[in-house]
1. Amide H of residue B:483 versus every other amide H placed in the peptide plane: which residues, excluding those fewer than 5 positions away on the same chain, fall under 5 Å?
2. Of B:53, B:400, B:24, which is farthest on the positive side of the dipole of chain B, counting Cα position, with +1 on Lys and Arg Cβ, -1 on Asp and Glu Cβ, and the Cα centre as origin?
3. Accessible area per residue of the protein assembly as shown at 1.4 Å probe, in Å²?
4. What's the extension gain from residue A:354 to residue A:215 if we count 0.36 nm per residue and subtract their Cα-Cα distance?
5. Quick check: net charge around residue B:394, other residues with Cβ under 13 Å of its Cβ, Lys/Arg +1 and Asp/Glu -1?
6. Under a point spin-label approximation (7 Å from Cα along Cα-to-Cβ), what is the residue A:62-residue A:327 distance to one decimal in nm?
7. So what are the ³J(HN,Hα) numbers for the range B:634-645, from phi and the Karplus equation (6.51, -1.76, 1.60; θ = phi - 60°), rounded to whole Hz, Gly and Pro as x?
8. Counting protein heavy atoms only and a 1.4 angstrom probe, how many square angstrom of accessible surface do chains B and A bury in total, to the nearest 100?
Amino acid sequence: MSGFQGLQGLQGLQGLQGLQGLQGLQGLQGLQGLQGLQGLQGLQGLAGHPGAANSQTSAVSIRHVAGQDPIDPTKITEDDRTNDQQMEYWADPIRGFIYVADFLKNYGWTPADDHITLSWGGKTMLKLGRPSLELLVKQLDYIDNYMDLRADRGGEIIGQMGSLAGDYAYIMGLTPSRHGRVLELIDLTQTLCSFAVSIPKHYLTVRRPDQLDGRLMPMIQTPGHGSFPSGHATQAMAIATVLAAVVDAVPEHFPDGEARKKLLFKQAERIAQNRTVAGVHYPIDSIAGAYLGREISRIIVASAQATPSALGGQSYNATENVDYFYDDFAAMSDGQNGTYDVTRSGPIAWLWGKAIGQFI
Amino acid sequence: MTAMNPDMSPPPTATALGPYTAWMYGPGNAYDFFAADRGRAPHVLSGVVGRAGGHVPTSSRTPISAGGVTASLYAPTMWDGLPSPCFVPFMMSGVEARSAEGALLDALWRTAGPADVALPGGGGLGPKAGDETFMNAGFPLREDSVDLAASGASTLSADPAVDPKKPLVVIGIIDDGIPFANRAFDGLGRRTRVDACWVQGAAHDGSGRVRFGREVTGDDITSLRQAHGVDEDAIYRAAGALVDGTSLSGDIAHGAHTLGALAESSDVQVRIIAVDLPPASTWDASGYGRDMLMLAGMHYIFDRADKLAAAYGKTTLPMVVNISYGYSGGAHDGQSTLEAAFDELIEARRAKAPTGLTLPSGNMLLDAMHAVAEVASCAEMDPLPWRVQPSDRTSTFMECWLPEGLSPDTVSFRVHGPGPTYGPPGPEAATAPVADPGGLTTMTPIFWQGKTVGQLSLDQDRSGRWRYLVALAPTESGIDGHAPAGLWKIAVTNNGPAAQVLRFWIQRDISYGHGETGARQSYFDEAANARVTRDGRLSEDDSPDAMTRRAGSLNGMATGATPLIVGAARDRSARAEMYGSASYAGDAREVDLSAMVSATEAEVGRLSLTVRSGSRVRLSGTSVSSPAVGATLRDIIAAQPAGASSDNYAAALMATGLFGPVEQKDAPRLGRGVRT
């Protein structure tokens, strides 16, 4: 039920003006979720270079001055391919395809009637239990109660419908001219989460809140995918966890590293909570998303290391009717599921090294 | 209904402190800004109340001690026209640890007689036999703002442009953000008519004129203008008035607007005495902690008005005071500490000169913060649904008042934690403690999943009426012991032989002004309360079957005997402003008069001053209608006789012909006339 805030309700709309400024900070243009799959845009790059369009005419007219000699192979120097150096040369979207293909090589899943097991390299990474309808109905009360925050959070909710990089950039002090690879790391994290979360969303097929209760009337369009887990919660937690690892990796850069990490996770909580305020997610969706996002970020960070890691497999059975708070999530341990191994990924290691190098 | 786990609930406790004070010093101490940043505030402003006959001036002074800690008590400037006041605002000094404060104050009120309170300039106020004490304690005063050695005395100069043969009237104001340098307050000869302004939150200047904060006189303003010319920012900075969080550093201030309306030019010669509340005192919208600052402010205004009279060769001057503040809670019977304290002061002053006080009726009509439950004998009321918001970063308070003469022994009062919107109440979280035969406040924690998330208390007001107070911790995560948000419910059983009427008020819980406290307003969320009419407008009428009420949403601070209660009207047909609070018909006090605020649908709010000279702004609320009526009273007050005024000059105001008629149905919100 919404409270009555009279004229104060208009203040939520003012949030729009301040929040979208940071979306220009995206280091990777075009690397947003599924947009990276929109075909071979590389060829369109030619359109910006008038010289190339003229090449047909020039070739006929001027090439005679270049002589008739064959090319000598011994004089050719190849591009440096050590440690995935060549990532430097590729167009932004191409690097995006490489990260995604590299990730999907190891990401697997085994669906079942009441759960799905997500795996990495053939071993269990996260098992998610499917929530019952009774639990979903109880969860509706949380969404009902959060409706009163819609006026306050409206600006953020709309601003958080695309890239989340802006919401973390101001916590980490990032600026595009200096931190291009860090922003790429954030966009990459968000993109991989989109791919990863679409699988449990598909197989578990949990109905959205507004499909159960017409009184909720979400303030944004209900997205066209299953409710559980929450994609925003997955992405937000993954980005926060990756950036927290960045903070730990450059201890001299931040005088207040511990405070920054707290802000990162509080922001992750808020981004996820905003989806409940908007009326499109149950709080348990955010818990499940937090589990998945945390594993993906652990994989990303472990993939960047030279030596392999064994990470703990996780599981979450959504049975308790609780709200989503970061502190509670961090204290949860539904149960470990053995371990899974993460080995070095060249492209990820390259990016991580470059990103860390953009801090002092 | 799930019973509380007895292993988890310690026995209720009892204290001589009031319930809000007990919360602030007890489980709630981490949640209130009073608790924050206390390292540099070894002084607090508190208040003592005597139910019977006042305090006797003495020449001795005794510090108080408890648990090995000793503190001294000091009064700020007090009006000497009330030599034996019942209500004394005082500062407690010398206590470093906050926890020791609570224990000291508790001990203070349990012992046979409280120690003397040192008056500025010497002497003290001691107790009188038979005193019983209630108090609101604990507003921290910054170390650099307190000057205990101050004499509290000040000399005010006469303005040579004033014609002593014509009527001279004082207007007093207590508000937040008083722009004393604003040129709108200039009189003839471009000398300011602000003769004294007490900036309570400022660092003291060693002049000894006030015991905390800083006084800026008309002469000071003249000097500041000579030094800084037209740069009003520099003037406020040099005067020490740019206290942390003050509205004076922004463009719009509540005090600028209300003083502008109160001081609007007229044929009457007007002098201005102002009190600028510390910005931090306005952040807790429940009003807690602000009472004693206002009472000290009132004493200051009365004292300086006499000094001003002396400067003009008179014994006293007619005066109108406006205070555009209020709170939602209180018994609404005129008996609360501050109401009775104002009555005491004003009735004493009226004996010598006509004295008016205008207060706003409140803006809470539509906020669903008030409910009334009529409970038959040996029956249980329908649970009252109380929606507590998520992401609330301040404490939440709700009061339930029993009718006069009813003992809580016949009442069972229970608080249920959040439950489903469409379903039975959630698990029980607390049952009210029994009353203490000695009159102490009794309290029990409110539990949720093994943690204390609030306090449920029972106390007896100075009027004899009993009150339950439900105090909840903030609901924002990341705060230790945060309370669960959601639909709480209150269940009450009447075990007595007669039907009873219980009144509930939720305290104001909003972010006000420049202090972003993260407050979120809880409200009663009853399906039976139709908040919207059939044609889509917000409903200004009560639903017949609902407990939630619009009638009775009156300002809990405005029901004393001496103020004029002022409502707000809109559009030329003089309807009530949508938010304008309403009294109950037949209650001791009802809205007296009102003033136009929003002239048309397009002109929302009434024009008055901004902080800097040369601009105006529209603001809404009964805060802005109150000084408008105050200004009208100002123009006729000099012609009123000294002595008691049974209707607080309301008839005299109606006789001016400046008030338009009010339809009977609008009277609970507009009173008997609307000042256009």
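1. B:473, B:475
2. Going by the Cα projections, it comes out as B:53.
3. 39
4. Residue separation times 0.36 nm, minus the Cα-Cα distance, leaves 45.1 nm.
5. Net local charge, residue B:394 excluded: -3.
6. 7.0
7. Listing the rounded values in order: 3, 6, 10, 5, 5, 8, 7, x, 5, x, 4, 10 Hz.
8. The buried area between B and A, both sides summed, comes to about 1800 Å².
The values are calculated or read from the model by the stated rules, or taken from the named source; none is laboratory data. Just so you know, these numbers come straight off a predicted model, no measurement behind them. Positions of Cβ are generated from backbone atoms using ideal geometry, with glycine treated the same way; all protein chains shown enter the neighbour counts. The area values use the complete protein model at the heavy-atom level, side chains included, leaving out ligands, DNA and RNA. Shrake-Rupley method; radii C 1.70, N 1.55, O 1.52, S 1.80 Å.
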